[in-house]
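Everything on this sheet refers to the single structure shown next.
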Amino acid sequence: MTKWTWAVVVGVALALPVEAAAQVNDTAPGTTPRAGRPAGGRANGRAALAPAGATVGEVEQAFDRYFLNQARVTLQLSPSQMTTFRPKLEQLRRVRRQTQRQRQGLLNELQALARGGGPVDEDVLAAKVKALDDQKLEAEQLIRNAHEQLDATLSVPQRARFRFFEQRMERQELDLIARARTQARRGGPPPVD
């Protein structure tokens, strides 16, 4: 990722302008924020979205806002589409993260068993491998269902654009999370390529 691209992604994902944050967090384009909430959906705007030393979870939340805003622009979603698209996108992203974390937990358990150092109980190991395989199938089905629900909110051309858009955004998110983890380990700002 170039310095310019990284600067744009971090600048947008971690410090959304108040106007964009208002559109993504609380309102459809052209409407006003919800009563009782400041524009941007957060008390302190930019600082609340990306405090110094942001955790991986905070980066994920900021990226979700960025993802939604970019989807709105890239797919040219109408205000009525945004009303149905937003919760479907949130569900898809939630399912993806949840199933990935489940898979990683199972992989960690399997790795601990395989490295045990002592005799390996093959029945226990086989059960863990089966659980991992079953989880993969279940995750694929959950993701497919969430994708179908999201697709129902889009036109055919928007669905096609979403496939490319989603892949690009997933790569950017992985990069941001890796950089946030590096920053957390080093205690400083993320490196710039």
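Note on residue 133 and residue 108: the extension gain reaches 7.6 nm, defined as 0.36 nm multiplied by sequence separation minus the Cα-Cα distance.
Annotation note: trypsin sites (Lys or Arg not before Pro) in region 105-163 located in DSSP loop regions with a Cβ neighbour count of at most 12 within 10 Å are 115.
Peptides 73-81, 146-154, ordered by how many other C-beta atoms sit within 10 Å of their residues on average, highest first, read 146-154, 73-81.
From least to most packed, judged by other beta carbons within 10 angstrom and beginning with the fewest, 86, 72 follow the order 86, 72.
Bear in mind these aren't lab numbers, they're just calculated from the coordinates by the rules spelled out. Since the model is a prediction, treat every value here as computed from it, not as a measurement. For neighbour counting, all protein chains shown are included, and Cβ atoms are generated from backbone atoms with ideal geometry for every residue, glycine included.
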